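These notes concern the structure reproduced below.
What follows is calculated from the coordinates using simple rules that are stated; it is not laboratory data. Only a predicted model underlies this, so the values are computations on that prediction, with no experimental measurement involved. Note that each Cβ is placed from the backbone with ideal geometry, even for glycine, and that neighbours are counted across all protein chains shown.
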Amino acid sequence: MRMILTILLLATPVFAADVEEGADHFADYCATCHGVEAKGNGPMADLLTVQPADLTQLSARNGGEFPLDRVVRRIDGTMDVAAHGGPMPLFGLLLQGPSEAIMAPDGSEIVAPEAIAMIAAWLQTVQEGL
């Protein structure tokens, strides 16, 4: 228990995550379906039975608050995405690695692999329609 508490206290909040590296991870793992600008218009979008979401509208569709916990759970595969028929992303195991605690808007902490935290941090920066 003490080790977990120490890890959480030393964790870097999401706003300090490397947003630029998050954009790179997004381009590598997500843009094929969601598009480079996260608008849901990637080159594979037309082949999917369910169109990819416009990820720039997440906050607008959530009352102006970025749904960090849902974003992390969808990326890490703990919340299924119908278009994928299972866990997301298809390359989810490649995003595993050292974890960090990130602060959700409600003040709770979410522990996620660094790559996922970086993607979420970048997605926060591309929100529109607020």
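Things worth noting here:
- From phi via Karplus (6.51, -1.76, 1.60), per-residue ³J(HN,Hα) for the range 71-79 in Hz, x at Gly/Pro: 4, 4, 5, 6, 5, 7, x, 7, 10
- Between the range 99-130 and the range 46-63, the Cα center-to-center distance that results, in Å: 17
- Exposure proxy order (Cβ contacts within 10 Å, fewest to most) of 36, 19, 72: 36, 19, 72
- Backbone amide hydrogens, once placed in the peptide plane, bring residue 102 within less than 5 Å of 110, 111, 112, excluding anything fewer than 5 places away on its chain.
- By the count of neighbouring beta-carbon atoms within 10 Å, fewest first, 66, 26 end up ordered 66, 26.
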